[in-house]
Amino acid sequence: MLIVYAEAFERDNDPDDFSLEAIIAHECGHQLLARHQRIVKHITKPVSLASEEILASLLGAMFCKEQSDQDALLAKATVELVEHGDEFPQAVNRLQELWELLEALL
């Protein structure tokens, strides 16, 4: 059973930014970060809220069936990285590295 709190839907100003599937996939990403044994084992210190959002978006994107949902979550992760100081090309490279690492852990 997955519980998704209403705040997950209230965070975005525009309800058309993300589909219901993308929102739920992102929230599942948060759950995987907290509960998946292989992922938890590799997180050695507390993760910042920004880092958790990035990782949850990546994990959610991995499980989206629709390419548009995957693209939306990858864009969300990219924007988060850029807002926290990465240049766009660095952000894209870092997300690719994280994607590959998460794929290996799953």
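Quick notes on this one:
- A104 vs. criteria assigned to a helix (DSSP H, G or I), open to solvent by less than 70 Å² (accessible area, probe 1.4 Å) and under 23 Å from D17 (Cβ atoms): no
- Within segment 33-62, residues that are under 22 Å from L20 (Cβ atoms) sit with their Cβ atoms under 8 Å from residues that are assigned to a loop (DSSP other than H, G, I, E, B), at 6+ positions apart or across chains, in these pairs: L33/I43; L33/V47; L55/V47; M62/L106.
- Scanning segment 23-39 for residues that are open to solvent by 60 Å² or more (accessible area, probe 1.4 Å) and more than 14 Å from F63 (Cα to Cα) turns up A34, R35, Q37, R38.
The values are calculated or read from the model by the stated rules, or taken from the named source; none is laboratory data. Since the model is a prediction, treat every value here as computed from it, not as a measurement. In this analysis, Cβ positions are derived from the backbone assuming ideal geometry, glycine residues included, and neighbour counts consider all displayed protein chains. The area values use the complete protein model at the heavy-atom level, side chains included, leaving out ligands, DNA and RNA. Shrake-Rupley method; radii C 1.70, N 1.55, O 1.52, S 1.80 Å.
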